[in-house]
1. List every residue pair whose Cβ atoms lie under 9 Å apart, where the two residues are 6 or more positions apart in sequence or sit on different chains, the first residue falls within region 87-110 and is more than 16 Å from residue 43 (Cα to Cα) and charged (D, E, K, R), and the second residue, located anywhere, is open to solvent by less than 40 Å² (accessible area, probe 1.4 Å) and away from the ligand (no atom under 16 Å from the Cβ).
2. Please specify each residue of region 138-178 satisfying the condition of being among the charged types (D, E, K, R), in a helix (DSSP H, G or I) and in contact (Cβ under 8 Å) with a residue 60 or more places away in the chain.
3. Quick check on residue 130: is it within 16 Å of the ligand (Cβ to nearest atom), under 28 Å from the mean Cα position of the chain (by Cα) and either open to solvent by 20 Å² or more (accessible area, probe 1.4 Å) or within 22 Å of residue 489 (Cβ to Cβ) (or both)?
4. Have a look at 139, 148, 159, 170 and point out the one that is buried (at least 19 other Cβ atoms within 10 Å of the Cβ), within 23 Å of residue 486 (Cβ to Cβ) and either among the charged types (D, E, K, R) or more than 16 Å from the ligand (Cβ to nearest atom) (or both).
5. Report whether or not residue 249 is modelled with pLDDT of 95 or more, open to solvent by 20 Å² or more (accessible area, probe 1.4 Å) and among the aliphatic types (A, V, I, L, M).
6. Check off (1) within 16 Å of the ligand (Cβ to nearest atom); (2) open to solvent by 10 Å² or more (accessible area, probe 1.4 Å); (3) part of a helix (DSSP H, G or I) for residue 124 and give me the number that stays unchecked.
7. Do we find a residue being touching a Pro at 6+ places or on another chain (Cβ under 8 Å) and either buried (at least 22 other Cβ atoms within 10 Å of the Cβ) or more than 20 Å from residue 364 (Cβ to Cβ) (or both) anywhere in region 284-293?
8. Quick one: is residue 330 within 16 Å of the ligand (Cβ to nearest atom), touching a Ser or Thr at 6+ places or on another chain (Cβ under 7 Å), of a type outside the set (D, E, K, R) and more than 16 Å from residue 47 (Cβ to Cβ)?
Amino acid sequence: MKNKKKQSAKRGRQRMSGTEVMPLWAGGFLERLSKEAFSYSASFPYDKRLWKFDIVASIAHARMLGTCKVIADEESKLLSSELEKMLREIELGKLKLEGNYEDIHSFVESTLTERIGDIGGKLHTARSRNDQVVTDMKLWMRSAIAKLCEAICELCEALLSASKKHIDFLMPGFTHLQHAQPVRLSHHLMAYFWMMQRDADRLIDLHRRMNLSPLGAGALAGVDFPIDPKMTAKMLGFDGCMRNSIDAVSDRDFIVEFISCCAIVMVHLSRLAEELVLWSTPEFGFVKLKEALCTGSSIMPQKRNPDMAELIRARCGRVVGALTALLTVLKGLPLSYNRDLQEDKIAMFEAFDVTHSSILMATMLITSAEFNGEKMRSSLRGDFSTATDLANELVRKGIPFRHAHSIVGKLVRELAQQGKGLEDVTLEELKQYCDAFDEASLMAIKPEVAIERRAELSGTAKASLRRQFAEAKRYIKNVRKFIAGLKLLGEP
Ligand code: ARG
């Protein structure tokens, strides 16, 4: 029995036979982790994606340990130079991220120890995988936020240039999917711009809140070596350190917020996608999507299906699902670290991948969409969408709005019965409904006039759009400035 224990402890410092790898923690174990338990619990297949952030954070940690004299200077130098070498080799494809490792942290430490011997085991002094994994994820997230913001800027630019190009395209604005009031296509497109602007804003705000280093928390209680967490925080581009070690290793709010931001982006994109699907039907005919972004039917030769828009619409579900998954993991979870938390990465990566690729696809759809101004303008004929403007003409003559509403309501019903629209009405006919109607009333029912009258702050008139364009440009510039100021340590 005693002998067995000794052997097992020795094994703990070595690689095991064949493809089996000794877990970092197995020094005191008599039994090996069963194959089934290993494959059920290993996160290496997906957290290998964090490799660069893990190595860069380890280099910072090793340097700090040296500076603080927790390990010797030469040891610190050896650790960081070997880690740098590993980083380059992975980049060149010489060192492959494969093998039976429990997670990325085990891969890095085991490979390091295999190369430089026992000194490799000093890297984990004054650190735990619990503070390490949060560090890695926060560094990853900084890059992910930058990538998402950059993609949002591109989509915003596409929306802005489509809006500028089609400033003279008039179309019905909808409520309840019924023709409501005429608007400029630009105004409708710019509504999406402002949604995306808030999305970028939310990500920037999240960055401000999450950019604090958890290092120094150790497993949960802090570290009993004279380390300098502020030093590692600074080296890694954090704005400061977390204040409570238990919170530092237990907190996943930043991931909940990140996935929430992604989910809101996806909800926005799903609305845009739905309109592209709808608008590209022959019934609407407002837009033609680029053929290279449509698919055909295996049986009906005439089909041009808007699959890319449909998939954006559908994939929103995956991100909302990821948010639900993580919130459910956290609900009722006791402090501090529990293995449940390992599941955070699956949700986080899924949310990013789906959201980022969907923003790119939405940008391609918008950039290449051919809007049909004729079809939009003609759908305003006979649709009574300036009925409100006609009622407002009476209001200007002193008639209470409710009364004006009912006068025009009656007119609309009777014109519709005769198969006529507002554009067909004569002044004589108007006068039969109310004496206060005059020449100006006939002007007011022209969509061009109705639109230009809405020039106040957020209206659909050209002047309002010009103001939106100017602000939009400034906004994109600010987001790009934020991205340029970030210390990015790898690709998300
Ligand atoms: N793979 C683990 C995770 O992602 C790393 C932290 C492991 N910590 C532990 N105490 N087992 O959560």
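1. Here the result reads 88/95; 89/95; 96/90, each pair linking region 87-110 to a residue that is open to solvent by less than 40 Å² (accessible area, probe 1.4 Å) and away from the ligand (no atom under 16 Å from the Cβ).
2. Correct list: 138, 142, 147, 150, 154, 157, 164.
3. Values: within 16 Å of the ligand (Cβ to nearest atom): yes; under 28 Å from the mean Cα position of the chain (by Cα): yes; either open to solvent by 20 Å² or more (accessible area, probe 1.4 Å) or within 22 Å of residue 489 (Cβ to Cβ) (or both): yes.
Spelling it out, residue 130 is indeed within 16 Å of the ligand (Cβ to nearest atom), under 28 Å from the mean Cα position of the chain (by Cα) and either open to solvent by 20 Å² or more (accessible area, probe 1.4 Å) or within 22 Å of residue 489 (Cβ to Cβ) (or both).
4. Every option except 148 fails the conditions.
5. On the way: modelled with pLDDT of 95 or more: yes; open to solvent by 20 Å² or more (accessible area, probe 1.4 Å): no; among the aliphatic types (A, V, I, L, M): yes.
So residue 249 does not fit the description; no.
6. (3)
7. Checking region 284-293: at least one residue is touching a Pro at 6+ places or on another chain (Cβ under 8 Å) and either buried (at least 22 other Cβ atoms within 10 Å of the Cβ) or more than 20 Å from residue 364 (Cβ to Cβ) (or both).
8. no
The values are calculated or read from the model by the stated rules, or taken from the named source; none is laboratory data. As the structure is a prediction and not an experimental result, all values here were calculated from the model. Positions of Cβ are backbone-derived with ideal geometry, glycine not excepted, and every protein chain shown enters the neighbour counts. What goes into the accessible areas is simple: the full protein's heavy atoms, side chains included, and nothing from ligands, DNA or RNA. Shrake-Rupley method; radii C 1.70, N 1.55, O 1.52, S 1.80 Å.
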